[in-house]
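Comments concern the structure below.
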Amino acid sequence: MARSVYVASVEGHTAKSVVALGVLETLTKKFQKVGVFRAISEDPSGHDAILELLMSNTNTEFAIEDCVGVSYREMHETPEKSLGKILERYKALEASCDAVVVVGSDYTDVFSPAEFSFNARVAANLGIPMILVFNGREIHTTSEHLGQAKPRNSQDLKSMAELVMQEVADAHTTILAAVVNRADSERLQSIKEAVGKALPDSVPVWVVPEDPHLPAPRMGQILEAVDGKLLFGSGKRLTNEAMDLVVAAMTPEHVLQRISEGSVVVVPADRTDVLLALLMADASKTFPSLAGIVLNGGFEIPEPIRVLIEGLDPTLPVVTTDGRSFDTTVKISSTRGLVSARDLQKIERARKLVVDHLDTEQLVDLLEQTTPRAITPLFFEYSLLKRASDDQKTIVLPEGDDDRVLAAASQILGKKIAKLIILGDPQQIQAKANALGLDLSAASLMDPAKSEHFAACVAEYVKLRSHKGVTEEKAKEVMLDVSYFGTMLVQLGLADGMVSGAAHTTAHTIKPSFEFIKAKPGVSAVSSVFLMALEDRVLVYGDCAVIPEPSVEELADIAISSAETARSFNIEPHVAMLSYSTGESGSGADVDRVRAATKLVRERAPELSVEGPIQYDAAVDVAVAKAKLPESTVAGRATVFVFPDLNTGNNTYKAVQRTAGALAIGPILQGLNKPVNDLSRGALVQDIVNTIAITAIQAQSMGQK
């Protein structure tokens, strides 16, 4: 996985592209292939000035459209779908890179009351840390000094940082560092200290001073901004940087007193006396060089004056526009300098400025050491599907007559998550798929009665159940049942796992697996878990679907199997054996049963981190844990929860699912020799997709071929 960072503004006009440029230079010196990604762009075709700037300064070559997540329009119309698309497109780029610089949105489109919240949420879902970029200056578009607004004081920046950290906490985002850009060069240390007080001690604060040349627009930009025409002067000097703005509404001598190096002067077109004075001043060695002159009002220059100016052959750009003085002034003062891919001079200034004020060694160290702790439901779903697709297994779906199953199958096949066998009448399945607009061409459609594998399934069933009086005739009858036939395909290794239950009861789905797939050696009871994807983590709940009143031995089995399931999904197991009492504080038959089961788990799996009996609050809340079980390795950080009975487990998972908005994935059967999983009859298409992926991952873990 690439080492990536999300550079995001906490407000507008932070010049985050300048910071991103410095970060990019640092990473290109450390990593061989550094990519650039824009989570959201104004232009859906990928023509993005910031992206073009950064891509022109990196050490990789990608098509620009491969480096964009979604457009603003897509985000407006389908926000949740857009987040998923951003994640998929980012991951596709990340797979080809050693590091990626992700750049946040530009505060140019009002799609949310709090734009930073969106960026923080995207970073959390991508699973990468953020660099926060603060604006060290107050931007006023009416400022006479182009882009040179007055510096912000330290307390204002500290208050802004405190507000931002609330958003960060809500989004469960990891912060790598903070940069205060465009800061007052005389107060760098005080700004660093003030902002640092609002951030965690582990987050460094770097302060970059204002370089007045970077936000200064060039005369060419001003020409475009006022929709003007170059009347006199050299096109070469359209690259002049406008460092100041002067409105010439006075006599020439007073105007000359107010100009400075790099001034752009707005002059009424009928004040030719002022125009001539300014042209002479620019040519004079005793006056500062100007950036340009903008004549507004649309008046024609009188013929004698025009001939006089042409004879002087001035190089200073003189631009004419039809606008009024106020409108022209606002347009010019609103124009900001762009560090673009074509402006090599500004690029070099920006790169050097940022790199000189960032601790680049610390940045690389932090990037290599920091792993975001939050696992969002979206990221977890993506990781499931990606892991399944890395080693495609064959999953059998017995319910080929269910529209939801077919829709899920189409998604699975389209994304190459697994290979599929779908049971039912092939012609009817294909007709239904065509009517629904689904592509099932990559699936194997199989009618059990007409299958080439039917005889082998019958023979195997007789072999395994003859001691129960099963005859060949009886076996043929049983194998016509799609649940039995599908499970037998798994038993024979013709499929790696089975998913059913959208249209069948749990008993109908799992009974065949109890008959002949059976439990793993050493497991006395097959049980189930739900993967509960909360806002920032994934927990394992067991058993919530199979065993009503587990015995001591069965509770121990559930705990050990649930820990194994957790590991198979990259969740470090810390097992909480739940009860209404914690530690030695309570007694009674139910508490004693959990206490005995915990002891048995420790005997059978001494390496396992387990605690019981323990109450739910002590298992998840650090403060409660310190008060009740201060020495426990599980209390306050449990990841696997074993409920004392089915009533408690089933109600708890549904309560958390509905009230906390958790994504509940399951039930996932555990303890079987081969994976078979049951669906809820109310399962949505995405639930079926997730369960197929989980079954494939279980098959990978079991070493299925």
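Here are a few things to note about the model shown:
- Cα-Cα pairs of the range 172-246 separated by more than 20 Å (percent): 53
- Highest mean packing comes first when the peptides 607-614, 438-445, 654-661, 364-371 are listed by Cβ atoms within 10 Å, giving 607-614, 438-445, 364-371, 654-661.
- Förster radius 30 Å - calculated FRET efficiency between Ala92 and Arg373 (Cβ-Cβ, nearest 0.05): 0.75
- Ranked by the mean number of other Cβ atoms within 10 Å of their residues, highest first, the peptides 477-484, 263-270 fall in the order 263-270, 477-484.
- Kyte-Doolittle mean at least -0.5, axial Cα span of 18 Å or more - DSSP H helices of the chain: 16-30, 154-171, 377-390, 552-568, 685-701
- The chain: antiparallel DSSP beta bridges as a percent of all, rounded to 5: 20
- Considering only Val499, Ile412, Ile40, the residue lying farthest towards the positive end of the dipole of the chain is Val499, judged by Cα position with unit charges set on Cβ.
- Check: the range 8-74 dipole with +1 on Lys, Arg Cβ and -1 on Asp, Glu Cβ, in debye: 360
- Förster-model FRET efficiency, 25 Å R0, Asp365 and Asn570, C-beta, rounded to 0.05: 0.50
- Taken per residue, the accessible surface of the range 295-360 reaches 56 Å², heavy atoms only and a 1.4 Å probe.
- A Cβ-based charge dipole, computed about the Cα centre of the range 1-117 with Lys and Arg at +1 and Asp and Glu at -1, lands at about 500 debye.
- As a ratio to 2.2 N^0.38 Å, the alpha-carbon radius of gyration computed for the range 546-605 takes the value 1.15.
- The charge dipole of the chain, taken about the Cα centre with unit charges on the Cβ atoms of Lys, Arg (+1) and Asp, Glu (-1), comes to about 1140 debye, rounded to the nearest 20.
- The 1.4 Å probe gives accessible areas that order Ser71, Ser284, Ser587, largest first, as Ser587, Ser284, Ser71.
- With 18 Å as the limit on Cα-Cα distance, the pairs of Lys29/Lys346; Lys81/Lys415; Lys626/Lys654 that go past it are Lys29/Lys346; Lys626/Lys654.
- Cα lying deepest toward the dipole's positive end in the chain, options Gly298, Ala242, Ala442, charges on Cβ: Ala442
- Restraint check, Lys386/Lys674; Lys419/Lys474; Lys16/Lys192, Cα-Cα greater than 25 Å: Lys419/Lys474
- A helix-only calculation puts the chain at -13000 deg cm²/dmol for mean residue ellipticity at 222 nm, using -39500 (n - 2.57) for each DSSP H run of at least four residues, averaged over all residues.
- Full-extension gain in nm, Lys599 to Asp391, via 0.36 nm per residue minus C-alpha separation: 71.1 nm
- Counting only protein heavy atoms and using a 1.4 Å probe, the accessible area of Glu603 comes to about 120 Å².
- Probe 1.4 Å - accessible area at Tyr580, Å² to nearest ten: 140
- Here the range 354-475 has an Rg and Dmax of 24.0, 83 Å, counting Cα atoms alone.
- Put the Cα centre of the range 20-38 next to the Cα centre of the range 507-553 and the gap is 46 Å.
- Cα centroid separation, the range 150-218 to the range 240-310 (Å): 39
- Stretched out straight at 0.36 nm per residue, the stretch from Ser585 to Ala442 would grow longer than its current Cα-Cα span by 45.6 nm.
- When the residues Asp322, Asp645 are ordered by accessible surface, computed with a 1.4 Å probe over the protein chains alone, the sequence from largest down reads Asp322, Asp645.
- For the range 441-515, accessible area per residue (1.4 Å probe, heavy atoms of protein chains only), Å²: 46
- Anchor Lys476: aspartates and glutamates whose Cα lies under 12 Å away (excluding residues fewer than 8 positions away in-chain): Glu460
- Counting protein heavy atoms only, the chain has 51 percent of its accessible area on carbon and sulfur, 1.4 angstrom probe.
- Alpha-carbon centroid distance for the pair the range 63-109 / the range 366-429, whole angstrom: 22
- The label-point distance for Gln32 and Phe62, in a model that sets each label 7 Å from Cα toward Cβ, rounds to 1.7 nm.
- Net lengthening on full extension, Ser551/Glu473 (0.36 nm per residue, minus Cα-Cα): 24.3 nm
The values are calculated or read from the model by the stated rules, or taken from the named source; none is laboratory data. These figures come from a predicted structure and were not determined experimentally. Glycine also receives a Cβ, built like all others from the backbone with ideal geometry; neighbour counts cover every protein chain displayed. When the accessible area is computed, the model is the full protein with side chains, heavy atoms only, and any ligands, DNA or RNA have been set aside. Shrake-Rupley method; radii C 1.70, N 1.55, O 1.52, S 1.80 Å.
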